[in-house]
Amino acid sequence: MNKAILSFFALLITSWAANAQVQDGLYNISTTYISFTSDSIPNYIPDTAAIPLWQIGHSHKAFFGSDSSETTIMTDTIHPYRINANNWFVIKVPFVFNAIIDFAHKFQTDSGHAGGIVEFSLDTGVTWQNVKGDCNVDGSFGTSGGILTTNFYNTNDTLISGVPAFNGNSDSIQYSRFQFYFGPAVSPHKRITSGTGCSFPIDTFYIRFRFVSDSLIDSLAGWEIDSIKVEEDYYSGLVKNINKLQPLSIYPNPSYDGIFTFPVLENEQDYTTEVYNAMGKRVLCMPYKQSLDLAHYAKGLYFYKVGDGTNYYSGQLEIE
């Protein structure tokens, strides 16, 4: 494989999956605002549990703004969230290139014991994945497979169950964004195959906002979502504001035995290491360690990405 092709794959990897922040495109197809002003909301599937938790209305909780004149959706308009909750509502979103979902929200929960989870489904709700789920070594779709976030929880900000979630106290209104990101698009609404080989021949995906709590009794407000905005965004030829990543100092590189030594990083327990082969397929995903063993992999050129959800490093590895 010549150097021009390898350089292309290096650019593909860094532009497709390397930057944690949502990337605004050069063109915006359309923007849909979902405001909770009535019970008849387009593309909204309400909480249908036997004991519903999510309510649309005016908040009477001091944390959310007592007797607010604004209509929002929240975990009960009057009472604290209850124990052993597992309730959600769903919105349907058209599947397009680089769609961005924005939402304004506020939360007050017992850290680790209750929180709000954002999930998506590509099969009309049959299966769900956390927006900040674990990366999948087999190349299936996940956090590392093309979801960028801004002002979001990370994979280490979890409930006691280990599920990443918004929990604790947001102090004020938080504006969070996430994006199904696949880099430059030729045209809107184009069916795509991601760099890991995942195909998405669908027209709609589902977004689920789920609130869970354990058996500890609290008198906290819960989770309130003011509004949701869906931006059908795409790129044409160039990607705007993609930051260049800095490589790490790794030795030996090239390596004759496939063993690479990585540097010490501050808070390195928060980092994940991913390795891609020369064809752009992810072959390894693991917690960051200073020793990376690729002894069982074929000789050749590989690309690494090291990140903690905010900071990222990338570069090349060569096994001779």
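The values are calculated or read from the model by the stated rules, or taken from the named source; none is laboratory data. Everything quoted here is computed from the prediction, not taken from an experiment. Neighbour counts are summed over all protein chains in view; Cβ atoms, including those assigned to glycine, are modelled from backbone coordinates with ideal geometry.
Could you check, for region 137-154, whether at least one of its residues is touching an Asp or Glu at 6+ places or on another chain (Cβ under 8 Å), at pLDDT 85 or above and under 20 Å from G307 (Cα atoms)? The answer is no, given that none of the residues of region 137-154 is touching an Asp or Glu at 6+ places or on another chain (Cβ under 8 Å), at pLDDT 85 or above and under 20 Å from G307 (Cα atoms). Being loosely packed, with under 13 Cβ neighbours inside 10 Å, modelled with pLDDT of 90 or more and either assigned by TED's automatic domain parsing to the domain that holds D157 or not polar (S, T, N, Q) (or both) is a property that Y251 has. Flag: T48 does not match the condition of being modelled with pLDDT under 80, surrounded by fewer than 16 Cβ atoms within 10 Å (Cβ to Cβ) and in the same structural domain as F152 (by TED's automatic domain parsing).
Each row is one residue, and each column tells you yes or no for (1) of a type outside the set (A, V, I, L, M, F, W, C); (2) exposed (fewer than 15 other Cβ atoms within 10 Å of the Cβ); (3) farther than 13 Å from I319 by Cα.
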site: T273; (1), (2), (3): yes, no, yes
site: N277; (1), (2), (3): yes, no, no
site: M286; (1), (2), (3): no, yes, yes
site: A298; (1), (2), (3): no, yes, no
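Picking from residues in region 300-319 that are charged (D, E, K, R) and modelled with pLDDT under 90, the one that is surrounded by the most Cβ atoms within 10 Å (Cβ to Cβ) is K305.
Here's the yes/no breakdown for (1) on the phi < 0 side of the Ramachandran plot; (2) over 16 Å from the mean Cα position of the chain (by Cα); (3) of a type outside the set (D, E):
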| residue | (1), (2), (3) |
| --- | --- |
| I78 | yes, yes, yes |
| R82 | yes, yes, yes |
| I91 | yes, yes, yes |
| P94 | yes, yes, yes |
| D102 | yes, no, no |
| Q108 | yes, yes, yes |
| G112 | no, yes, yes |
| I117 | yes, no, yes |
| S121 | yes, no, yes |
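So, of the residues in region 78-98 that are in contact with a Phe, Trp or Tyr (Cβ under 9 Å, 6 or more places away or on another chain) and modelled with pLDDT of 90 or more, which turns out to be nearest to S213 (Cα to Cα)? Applying the filter and picking the extreme gives A85. In summary, I228 fulfils each of the numbered conditions (1) part of a loop (DSSP other than H, G, I, E, B); (2) among the β-branched types (V, I, T); (3) modelled with pLDDT of 80 or more with the single exception of condition (1).
Part of a strand (DSSP E or B), under 19 Å from R208 (Cβ atoms) and assigned by TED's automatic domain parsing to the domain that holds V230, is that true of D123? So D123 does not fit the description; no.
Only one entry in P263, P287 is under 19 Å from the mean Cα position of the chain (by Cα), at pLDDT 90 or above, more than 30 Å from T72 (Cβ to Cβ) and not aliphatic (A, V, I, L, M), namely P287. For region 288-320, residues that are under 30 Å from F178 (Cα atoms), among the small types (G, A, S) and not in a strand (DSSP E or B) total 1. Only residues that are surrounded by 17 or more Cβ atoms within 10 Å (Cβ to Cβ) and not aliphatic (A, V, I, L, M) were counted in region 145-157, giving 7.
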